[in-house]
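Quick notes on the structure that follows.
The values are calculated or read from the model by the stated rules, or taken from the named source; none is laboratory data. Since the structure is predicted, the reported quantities are computational estimates derived from the model, not experimental observations. Cβ coordinates were reconstructed from backbone atoms using ideal geometry, including for glycine residues, and neighbour counts include every protein chain displayed.
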Amino acid sequence: MQIRIQILAMAIGVVLLMSIFQLIRKNRLMEQYSLLWIGSALLIVVLSAWRGLLEKMSRLIGIYYPPSALFAIGIFCGMIIALHFTVVISNLTKEKNTLVQELALLKSEVAELKKRMDSGS
Amino acid sequence: MEKIPKKYLAIIPAYNEQDAIKQVVKDVQALPVNIDVVVIDDGSADNTSGAASAAGACVVRLPVNLGIGGAVQTGFKYAVKHRYDVAVQVDGDGQHIAAEILKLLEALTRHGTDVVIGSRFLGSEGFKSSRARQVGINLFRFFNSLAIGQKITDNTSGFRAYNRAALEFLSENYPCDYPEPESVILLKRNGFSLAEVPVTMREREHGASSISAFNGAYYMIKVFLAIFVDLFKEKTAA
């Protein structure tokens with residue numbers, strides 16, 4: 001009965017790992033953003049394959065049905081990844097704002113110089 | 001020896017203000033002091049840039065909308081880049097009265113502070129605000145005063161004058177949206193001195209406020225969160 005969910009979890013983890021690898025290989029995912037993904041996928045694969053470890057862990061945190069512990073860990077990993085992305089987005093926004101400001105200042109400076117050149121010559 | 005006259009700059013952030021901007025620019029230019037005008041067009045969809053430029057202002061047009069904080073900060077960067085001694089921030093919607101700029105400039109010299117805020121609430125005249133906003137304004141007054149140990153009556157006023165030191169600091173550290181109340185704390189906690197002078201303000205004639213009724217609650221929550229977090233931040237090295 002529980003073997004089915006074990007196989008399913010393993011399959012999901014392996015597919016996830018393969019997709020991540022494929023995305024990195026095709027340059028669609030930068031390595032620095034893939035580390036958390038790889039870590040999460042590996043964790044899921046290891047815990048679903050290694051029954052004993054999962055059971056020990058779930059007893060430790062007080063979960064009586066080991067597969068739920070696996071889900072809990074999966075959700076936790078997802079949250080960490082989402083948080084990491086929000087940090088990344090905040091940085092990107094900050095950098096974008098600075099770029100927009102610098103660009104606008106440069107454009108106005110160029111326009112000013114052009115005007116001066118036209119009236120000077 | 002004659003003192004070198006100070007270089008003044010008026011920073012006018014404007015978003016979709018094509019009807020009001022021309023008069024605002026003209027009013028500032030008509031002041032009996034030597035003051036340059038830069039209009040920061042915050043990615044307007046209308047002809048704000050054209051109208052400002054026609055009125056004789058220098059225009060910096062942001063290619064995308066950054067929000068009032070991002071626009072004003074662009075003005076600070078402009079001021080630092082062009083080595084202005086003092087910059088005055090004036091709203092592009094005609095709410096601030098150009099003649100009152102002189103009061104800010106005069107107070108900056110007289111008090112010797114880094115920042116002077118034009119306050120609607122120190123004087124008795126002019127347009128104050130709607131009742132709902134008064135509640136928010138009072139909350140800011142209470143919490144900001146508590147946080148910095150100085151009573152600032154008009155934390156949401158965007159009518160302010162800054163000296164060079166404050167401009168250099170703000171050009172690197174300025175909140176992107178709803179910056180006014182937060183920047184009061186940011187400035188004070190980083191060692192800048194603030195003063196307030198009474199000014200009269202008008203009710204806006206064109207356009208819409210950057211804070212609609214719908215956004216009011218979000219505004220308050222965002223700013224209070226920012227202020228609260230600021231209290232725990234390390235001091236930013238200017």
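Observations on the structure shown:
- Scanning the range B:9-61 for residues that are surrounded by fewer than 24 Cβ atoms within 10 Å (Cβ to Cβ), over 22 Å from B:I97 (Cβ atoms) and touching a helix residue (DSSP H, G or I) at 6+ places or on another chain (Cβ under 6 Å) gives a single hit, B:R61.
- The criterion of being surrounded by fewer than 23 Cβ atoms within 10 Å (Cβ to Cβ), modelled with pLDDT of 95 or more and in a helix (DSSP H, G or I) holds for B:V80.
- Matching residues, the range B:83-94, being surrounded by fewer than 21 Cβ atoms within 10 Å (Cβ to Cβ) and either within 11 Å of chain A (Cβ to nearest Cβ) or touching a strand residue (DSSP E or B) at 6+ places or on another chain (Cβ under 8 Å) (or both): B:D85
- Matching entry among B:E196, B:E180, B:E168, B:E203 (being modelled with pLDDT of 90 or more and under 19 Å from B:V24 (Cβ atoms)): B:E180
- Failed criterion for A:S121 (all others in (1) under 30 Å from B:E172 (Cβ atoms); (2) at pLDDT below 90; (3) not charged (D, E, K, R) hold): (1)
- Given (1) surrounded by 13 or more Cβ atoms within 10 Å (Cβ to Cβ); (2) in a helix (DSSP H, G or I), number of the condition A:S68 does not satisfy: (1)
- Qualifying residue in the range B:101-123 (condition: of a type in the set (K, R), crowded, with 18+ Cβ neighbours inside 10 Å and either touching a helix residue (DSSP H, G or I) at 6+ places or on another chain (Cβ under 7 Å) or at pLDDT 95 or above (or both)): no
- Qualifying positions in the range B:31-49 - small (G, A, S) and more than 13 Å from every other protein chain (Cβ to nearest Cβ): B:A45
- The condition (being small (G, A, S), more than 14 Å from chain B (Cβ to nearest Cβ) and loosely packed, with under 15 Cβ neighbours inside 10 Å) is satisfied by just one residue among A:G13, A:G74, A:G39: A:G39.
- Check on A:E109, assigned to a helix (DSSP H, G or I), within 14 Å of chain B (Cβ to nearest Cβ) and either surrounded by 12 or more Cβ atoms within 10 Å (Cβ to Cβ) or acidic (D, E) (or both): yes
- Candidate set from the range B:138-165 (those that are farther than 24 Å from B:Y78 by Cα and of a type in the set (A, V, I, L, M, F, W, C)); member that is modelled with the highest pLDDT: B:I152
- Within the range B:52-68, the set of residues being more than 19 Å from A:K114 (Cα to Cα), out of contact with any strand residue (DSSP E or B) (no Cβ under 9 Å at 6 or more places or on another chain) and more than 7 Å from every other protein chain (Cβ to nearest Cβ) comprises B:N65, B:G67.
- Flag if A:I44 is of a type outside the set (G, A, S), in contact (Cβ under 8 Å) with a residue 60 or more places away in the chain and in a helix (DSSP H, G or I): no
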